[in-house]
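S.K.: Quick one: the structure is below, and I'll ask about it shortly.
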Amino acid sequence: HSLFVLIILLIIRAFRKQSAMYIEKIQSQRQDLKESERQLYKLAYYDSLTGLPSRGYFIEKLQQSLERADRQRRRVGVIFIDFDSFKAINDTAGHMVGDLVLQQIAQRLIKRIGEKGTLARFGGDEFLVEIPDLETDEPIHAMINSIMDSLKKPAVIDAGEYHVSASIGIAVYPNDGETPDTLIKNADIAMYEAKGRGKNQAVFCTDDIKARTTMNHTLVNNLYWALDRDELQ
């Protein structure tokens with residue numbers, strides 16, 4: 001009987017040891033899965049160069065702000081930032097220096113915007129800012145002044161100075177659109193208007209700007225088809 005009990009105890013001991021190994025393996029796999037999910041989330045919603053939220057995150061956040069603004073009868077501002085002549089930095093100093101300049105500028109914008117809004121990298125040298133829960137446009141004007149002020153000093157990379165200015169376009173919900181895509185598009189249109197006026201300035205989207213852009217688009221399309229059909233005389 002004692003031998004039988006000993007065998008049973010040895011079996012139980014081996015089973016517990018094996019179980020502990022399985023549990024440890026499962027916990028390790030669970031941890032790896034959590035880390036993989038975290039990395040995937042970061043890849044999907046954050047820009048790898050600047051660490052800022054990406055376009056996808058920005059659009060989701062903006063949609064939430066629009067839904068809240070609709071309930072509370074508030075406004076939401078969307079600021080589209082494009083750095084003037086940034087291509088010249090890439091062409092003369094190289095893309096590595098250009099990336100470092102973007103990182104430095106992004107850090108300045110983060111400090112200026114803080115919790116007042118959501119800053120995201122839209123792509124290339126284009127950035128977006130969302131300002132929710134507005135009662136007036138005053139916070140937008142203050143934000144623009146702060147952004148412009150942050151760009152007065154050059155970015156310094158390896159003793160080289162790189163001056164960067166910005167053309168800024170602004171769209172405001174609900175006047176300039178009721179969806180994230182429309183607001184971003186109209187802020188983008190206003191940004192190009194700022195570039196057309198000489199760069200290094202901010203322009204609010206207006207009905208006139210939207211109508212002129214639509215008219216130009218229609219004119220370009222009509223001219224294309226007129227050329228294609230040999231209708232010009």
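S.K.: Pop a pseudo-label 7 angstrom from the Cα along the beta-carbon direction at both Arg212 and Glu24 and give the gap in nm to one decimal.
M.R.: For the pair Arg212/Glu24, the computed spacing is 7.2 nm.
S.K.: Once the Cα atoms of helix 138-150 and of the chain are each reduced to a long axis, what angle between those two axes, in degrees from 0 to 90 to the nearest 10, is obtained?
M.R.: 80
S.K.: Rounded to the nearest 5, what % of DSSP beta bridges with both residues in the chain are antiparallel?
M.R.: DSSP beta bridges in the chain are roughly 90 percent antiparallel.
S.K.: Given Cβ point charges of +1 (Lys, Arg) and -1 (Asp, Glu) and nothing else, what value in debye, to the nearest 20, does the dipole of region 167-231 about its Cα centre take?
M.R.: 320
S.K.: Identify the GluC sites (Glu not before Pro) of region 123-179 meeting these criteria: DSSP loop state and at most 13 other C-beta atoms within 10 Å of the C-beta.
M.R.: Glu135, Glu178
S.K.: Using the Cα centre of the chain as the reference point, and only Cβ charges (+1 on K/R, -1 on D/E), how large is the resulting charge dipole? Debye, rounded to the nearest 20.
M.R.: 1320
S.K.: Ignoring ligands, DNA and RNA, what percent of the 1.4 Å accessible area of the chain is carbon and sulfur?
M.R.: 54
S.K.: Using r as the Cβ-Cβ distance of Phe15 and Glu60, and R0 as 41 Å, what FRET efficiency do you calculate, to the nearest 0.05?
M.R.: 0.25
S.K.: Shifting gears a bit: Just to check I understand the Karplus step: with θ = phi - 60° and J = 6.51 cos²θ - 1.76 cosθ + 1.60, what whole-Hz values come out for region 115-122, glycine and proline as x?
M.R.: 8, 6, x, 10, 9, 9, 8, 7
S.K.: Provide Lys185, Lys61 ordered by accessible surface of protein heavy atoms (probe 1.4 Å), highest first.
M.R.: Final ranking, largest accessible area leading: Lys185, Lys61.
S.K.: Using a Förster distance of 25 Å, how high is the FRET efficiency between Thr182 and Asn222, based on the Cβ-Cβ distance and rounded to 0.05?
M.R.: So the FRET efficiency works out to roughly 0.55.
S.K.: Taking only protein heavy atoms into account and a 1.4 Å probe, give the accessible area per residue of the chain in Å².
M.R.: Accessible area per residue, the chain: 64 Å².
S.K.: Follow-up. Can you tell which of Leu66, Asn90, Ser167 lies farthest toward the positive end of the dipole of the chain, using +1 and -1 charges on the Cβ of basic and acidic side chains (Lys, Arg; Asp, Glu)?
M.R.: So the residue furthest toward the plus end is Leu66.
S.K.: Calculate for the chain the 222 nm mean residue ellipticity that helices alone would give, adding -39,500 (n - 2.57) per DSSP H run of length 4 or more and normalising by residue count, nearest 500 deg cm²/dmol.
M.R.: Helix contribution divided over all residues of the chain: -21000 deg cm²/dmol.
The values are calculated or read from the model by the stated rules, or taken from the named source; none is laboratory data. Because the structure is predicted, anything quoted here is derived from the model rather than measured. Here Cβ is always computed from backbone atoms with ideal geometry, including for glycine, and neighbour counts include all displayed protein chains. Ligands, DNA and RNA are excluded from the accessible area calculation, which covers all protein heavy atoms including side chains. Shrake-Rupley method; radii C 1.70, N 1.55, O 1.52, S 1.80 Å.
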